[in-house]
């Protein structure tokens, strides 16, 4: 598809660079709405009185018309299917190609054998719960395989199916038992005291 993703934040460019670096890099441009502070966020109606912007997604067509707006809590995950549906309406030809690629990824997700390790942690670089789980597993000396779903889109399709249409991390596969975001449940399944 011929869409351009941009990230916008009221933070400074130095802060955005440090944030992107902490995640191992971002594949799209990040824009600083820093000075005049929050001017773009204010124009789009998402600047809070405290000077922070709401977590939001805008889809703007080639003519500059806003076609989609989603404002959500920072902890909520937007519905990517809804976003792709709007993009498909704007560019049907590109959407058909993307749909075929997605179908192939889904097929691969279930044809590919489960990793041999007893414990597999599906994660993303920016997930704080993943960092906590990783630290605990290493502290306990528990062997595990880590799969970054931001880089392995086949694995992301598995997680998407297991998590009811979300790419929720960490998601654990312990000997075939799927545990979503719940370290206490993982500890209980493994018989490891909390």
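For the residues 120, 66, 86, a GNM of the chain with alpha-carbon springs under 10 Å puts the largest fluctuation on 66.
Axis angle, to the nearest 10 degrees, between helix 92-111 and the longest C-alpha principal axis of the chain: 10 degrees. Kirkwood hydrodynamic radius computed over the range 101-194 comes to 13.5 Å, based on all pairs of distinct alpha carbons. So if I take the centroid of the Cα atoms in the range 157-183 and the same for the range 22-36, what is the distance between those two points in Å? For the range 157-183 versus the range 22-36, the Cα centre distance is 29 Å. Over 11 Å apart: what share of the alpha carbon pairs of the range 8-53 falls there, rounded to a whole percent? Summing the P(r) of the range 8-53 above 11 Å gives 64 percent of all pairs.
In the chain, helices alone account for a calculated mean residue ellipticity at 222 nm of -12000 deg cm²/dmol, with every DSSP H run of four or more residues adding -39,500 (n - 2.57).
The calculated Kirkwood hydrodynamic radius for the range 72-134 is 15.0 Å, given to one decimal from all distinct C-alpha pairs.
So how tilted is helix 128-140 from the main axis of the chain? Cα-based, degrees 0 to 90, rounded to 10. Helix 128-140 sits roughly 20 degrees off the main axis of the chain. Relative contact order, whole percent, for the range 7-90 stands at 20, derived from Cα pairs under 8 Å and 6 or more residues apart. For the chain, the longest principal axis of the alpha carbon atoms and the long axis of helix 153-162 meet at an angle near 80°.
Our Cα-only numbers for the range 7-90 put the radius of gyration and Dmax at 13.8, 36 Å.
Each value in this text was obtained by applying a stated rule to the coordinates, not by laboratory testing. Every value quoted in this text rests on a predicted model; they were computed, and no experiment measured them.
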